[in-house]
1. What's the total number of residues in the range 67-84 that are part of a helix (DSSP H, G or I) and either among the hydrophobic types (A, V, I, L, M, F, W, C) or modelled with pLDDT of 95 or more (or both)?
2. Name the residues in the range 280-308 that are touching a Phe, Trp or Tyr at 6+ places or on another chain (Cβ under 9 Å) and over 20 Å from residue 175 (Cβ atoms), would you?
3. Here are 219, 239: which of them is under 20 Å from the mean Cα position of the chain (by Cα), of a type in the set (A, V, I, L, M) and either in a helix (DSSP H, G or I) or closer than 15 Å to residue 93 by Cα (or both)?
4. Which residues, taken from the range 42-59, are farther than 17 Å from residue 300 by Cα, at pLDDT 90 or above and among the β-branched types (Val, Ile, Thr)?
5. For the range 144-165, name all the residues that are among the hydrophobic types (A, V, I, L, M, F, W, C) and either surrounded by fewer than 22 Cβ atoms within 10 Å (Cβ to Cβ) or at pLDDT below 95 (or both).
6. Where residues in the range 264-273 are exposed (fewer than 12 other Cβ atoms within 10 Å of the Cβ) and either assigned to a helix (DSSP H, G or I) or hydrophobic (A, V, I, L, M, F, W, C) (or both), which of them is modelled with the highest pLDDT?
7. Could you say which residue among 181, 176 is under 21 Å from residue 300 (Cα atoms) and buried (at least 23 other Cβ atoms within 10 Å of the Cβ)?
8. Residues 27, 39: which one is over 26 Å from residue 281 (Cα atoms), modelled with pLDDT of 90 or more and among the β-branched types (Val, Ile, Thr)?
Amino acid sequence: MSKLIPERPLYQKERLIVGYPTLAVFVLLFLVRMLGSHVLDVKDSLFLKLIALLTVFVLPTVIFLTVRGQGYGRVLRLRATRVCHIPFLIAAFFALFCGCLLLSLLCGGIDSLGNSATVYETAPAPNPIYGICMTVVLAILPALLEEFFFRGIVVAEYERRGGIRAVLMSALLFSLCHFDLHNLPVYLFSGVLLAMVLFATDSLLSTVLLHVLYNIVSLFGQRYLNALYEITGSIELFLFLVIFVFLLSLLLLFRSGALLYRLRVQSGQGDPRRDVPWNVQFYTILDALCDPPVILCVLLSIAGFIFL
């Protein structure tokens, strides 16, 4: 047990402020969900969804960036996706999609087929213009805003005391903000994998691209997933194919990720993960979990599990 729980080292306790914009996102999202459930008909209005997204994410993000000041964008990894990232991102997409599908089936059974990390209505759009608007509001914009906040700001703030803390805290907060206890493991897995993609590619735009692709497939691919299930003819064969693709994509993901790190070392670029001892990371993770705004986020998510 002493090996699992190290002795508390001497370190200067940091002042965490990222919990406050995160709490603002949780509060605004909770209010939007409450209004959408009891007052406004947000579910069927793309315009209201757009206003809600901009209110929930843009306002806290702009205020936080203003407080942080100029030059903060350098720590957000606002770099373009490179050609060498493409094999890694392809493997990451299949790992993300198959992993979310398996977890969704595990949580909800075969009746929840297609109910992965993002749940969208799959009815055909009445016209191409509406289809484009639906793609932007339901797939592209949520991925862009969520990645900029959780894999951008949240990871950058928590990474100051270790990459492990950054991955765990960003994934935890990302999963809780959806107020969906049933699919919590799906969101948690998504958050961890997307954070790993961020570190491997050192590019926030790569995680945005991956998230957008996943959302689009979730939005329009339900009928094809159901068709695949019908073709297999049995749940056993269908699960075998999904598990096989998932394991193969994970193997390729780790292999191509190791190659990306090797190329970065050979080019003289520093490792994006902070070289922080495990004992320090262990207790700074506890510090982050005990941060009052984070505790309030957890309590608010529990309220969301019950009332939303």
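The values are calculated or read from the model by the stated rules, or taken from the named source; none is laboratory data. Source: prediction; values computed, not measured. Quick reminder, even Gly has a Cβ in these numbers, built from the backbone with ideal geometry, and neighbours come from all protein chains shown.
1. Looking only at the range 67-84, we keep the residues that are part of a helix (DSSP H, G or I), and these are 67-68, 72-76, 83-84.
Pick out the ones that are also either among the hydrophobic types (A, V, I, L, M, F, W, C) or modelled with pLDDT of 95 or more (or both) and you get 67, 75-76, 83-84.
So the answer is 5.
2. 280, 283, 284
3. Working: 239 fails: under 20 Å from the mean Cα position of the chain (by Cα).
After ruling out the rest, the residue left standing is 219.
4. 51, 55, 58
5. First pass over the range 144-165, keeping only residues among the hydrophobic types (A, V, I, L, M, F, W, C): 144-145, 148-150, 153-156, 164.
Answer for the range 144-165, where residues must be among the hydrophobic types (A, V, I, L, M, F, W, C) and either surrounded by fewer than 22 Cβ atoms within 10 Å (Cβ to Cβ) or at pLDDT below 95 (or both): 144, 145, 148, 156, 164.
6. Taking the range 264-273 as the starting set, the residues that turn out to be exposed (fewer than 12 other Cβ atoms within 10 Å of the Cβ) are 265-270.
Going one step further and asking which of them are either assigned to a helix (DSSP H, G or I) or hydrophobic (A, V, I, L, M, F, W, C) (or both), we end up with 265-266.
Details: 265: 77, 266: 80.
If we take residues in the range 264-273 being exposed (fewer than 12 other Cβ atoms within 10 Å of the Cβ) and either assigned to a helix (DSSP H, G or I) or hydrophobic (A, V, I, L, M, F, W, C) (or both), then 266 is modelled with the highest pLDDT.
7. On the way: 181 fails: buried (at least 23 other Cβ atoms within 10 Å of the Cβ).
Just one listed residue meets the conditions, 176.
8. Details: 39 fails: modelled with pLDDT of 90 or more.
Result of the check over 27, 39: 27.
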